[in-house]
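Read the structure below first, then the notes.
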Amino acid sequence: MTFAELVEPLKLVEEHGNLRVEVNRLTDDSRFVKQGSVFVAVKGGRVDGHAFIGNAITAGASALVVQDRGAPELGAIAASGRAVPTVRVEDSRRALGLLASRLSHEPSSRLSLIGVTGTNGKTTVTYLCKAILEAGGRRVGIIGTVGYQIGSEWLAASYTTPGAVELQALLARMVDAGLDTAMMEVSSHALALDRTVGCEFDVAVYTNLTQDHLDFHADMEDYFQAKLRLFTGLTMAGKKSRPKRAIVNADDARGHHVCGATPVPVWTYSIQKQSDIRAEDISLSLAGTRFTAVTPVGKFPVEAKLVGEHNVYNILAAIGVGLQEGLSPDAIRGGIEAVENVSGRFERVHAGQNFTVVVDYAHTEDALVRLLTTAQSLKTGRVITVFGCGGDRDRGKRPRMGRTAARLSDVVFLTSDNPRTEDPMTIMRQAEVGIHEAMDPSRVRYEMIADRRLAIEAAIGEAKAGDMVLIAGKGHEDYQIIGTNRVHFDDREVARAAIQKLVH
């Protein structure tokens with residue numbers, strides 16, 4: 001492909017040099033530039049790609065896309081006497097997504113692309129949808145927090161939603177592997193940073209919005225507006241002719257705003273309010289969940305191995321996706337029943353003990369409320385909670401999580417999560433403020449143990465028959481970030497070892 005062909009979708013402000021040069025790769029990182037590369041200079045929050053144009057040229061860049069009018073010698077940039085064709089655009093970050101899609105031959109136009117966004121539930125909804133669609137004969141790939149799946153191949157996740165170049169490459173690999181559908185968790189970071197530009201979504205799901213990521217977003221409104229971009233961009237016009245739809249949680253306070261903002265038809269889902277898809281006659285237990293689904297195609301019974309009311313919402317969202325994709329109620333039911341559990345989401349660890357141990361990714365106040373409320377509704381003994389808060393992240397949620405833990409637990413072990421470059425004790429003391437505010441000393445006991453392994457071992461050592469130990473915050477993660485070091489640490493492994501030591 002020539003550079004001229006590649007930049008056809010862009011609105012060019014300026015162009016210089018011979019744009020008919022052949023190009024075969026794209027990057028916004030000068031360290032990855034090779035001969036044939038197009039280097040896109042993107043203005044980042046901490047680093048401006050324009051400062052690395054010289055490095056890109058030295059490395060052999062065949063063409064440049066810039067945003068800054070003051071980029072060095074625009075149109076006549078040279079290294080060792082070699083002129084480099086250059087175009088200037090109004091927004092190089094947005095251009096990166098469009099160019100990545102075009103260079104990968106627009107893979108989202110050859111897939112059913114389903115995006116799920118919201119503070120909580122994204123991972124579970126995508127895995128439920130995958131199971132439902134596969135029960136209906138579809139071949140489905142996943143891009144999300146736990147990892148990226150293309151057929152039988154699993155790749156570690158760099159981000160919940162990867163950067164534009166990696167994202168389009170993953171979608172292209174799905175097409176090449178013969179998949180027909182891609183399930184994607186769409187983070188607020190990805191939407192705010194235009195990583196999904198160049199993707200044509202067919203269905204978008206909104207789960208909920210609660211406090212998170214305020215280290216990145218200015219406030220909750222900014223956070224919501226980022227999420228909303230998935231729905232305002234869900235237009236009927238595109239390369240695909242199939243109908244599109246938004247599926248929205250009507251019980252969420254901002255759900256009606258999403259419904260009003262998207263230009264495509266909407267199905268709402270709920271437990272409390274009237275909606276297009278809702279659950280009646282809900283029965284919850286540690287063995288699973290049962291309810292009657294009321295849908296646009298009629299009522300049908302649902303049985304799931306997933307636990308808790310929050311999973312009723314996740315299942316309803318997935319039912320909406322299945323119906324929109326043309327699946328029968330029988331296929332939808334079969335897919336739901338096939339999901340044993342989702343990695344790190346109310347994942348039970350059993351090694352012969354007479355109490356329940358659950359590992360869960362709950363790392364926000366709302367997710368912790370959902371987890372602990374589920375535990376309170378199902379418990380036969382005490383609820384023992386292990387939790388911490390991540391470093392270099394939203395500090396405002398720390399005391400709120402502390403209050404939640406103290407209010408809905410019988411015993412609390414406050415510990416470290418991923419402290420990153422913050423002092424673990426400082427993080428814990430901020431969460432401890434909330435514990436002191438909410439704790440009834442006559443009913444609740446708590447300990448602060450900075451070493452997460454020791455905290456998990458103490459919680460399991462505390463447990464008696466019928467108790468429920470909840471280990472919250474890290475879920476599927478198999479590492480802990482301390483300083484700038486990433487060390488192996490898996491809550492499930494630590495819990496299993498502690499149980500085995502106790503029972504043998």
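Here are the numbers for the structure shown:
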quantity	calculated
Complete set of residues in the range 54-80 that are under 15 Å from ASN18 (Cβ atoms), at pLDDT below 90 and not aliphatic (A, V, I, L, M)	GLY75
Scope the range 463-493; condition among the aliphatic types (A, V, I, L, M), within 24 Å of VAL342 (Cβ to Cβ) and either within 25 Å of the chain's Cα centre (by Cα) or assigned by TED's automatic domain parsing to the domain that holds VAL146 (or both); matching residues	LEU470, ILE471, ALA472, ILE481
Matching strands (runs of 3 or more DSSP E) fully within the range 3-65 where at least 1 residues are in contact with a helix residue (DSSP H, G or I) (Cβ under 6 Å, 6 or more places away or on another chain), under 17 Å from GLN168 (Cβ atoms) and not aliphatic (A, V, I, L, M)	37-40
Residue match in the range 262-276 (condition: at pLDDT below 95 and in contact with a Leu (Cβ under 6 Å, 6 or more places away or on another chain))	no
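This table checks each residue for (1) assigned to a loop (DSSP other than H, G, I, E, B); (2) modelled with pLDDT under 90; (3) crowded, with 19+ Cβ neighbours inside 10 Å.
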{"residue": "ASN208", "(1), (2), (3)": "yes, no, yes"}
{"residue": "HIS213", "(1), (2), (3)": "yes, yes, yes"}
{"residue": "PHE216", "(1), (2), (3)": "yes, yes, no"}
{"residue": "ARG229", "(1), (2), (3)": "no, no, yes"}
{"residue": "ILE247", "(1), (2), (3)": "no, no, yes"}
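The values are calculated or read from the model by the stated rules, or taken from the named source; none is laboratory data. Being a predicted model, the structure only gives us computed values, none of them experimental. Because the Cβ atoms are built from the backbone with ideal geometry, glycine has one as well, and the counts that use them run over all protein chains shown.
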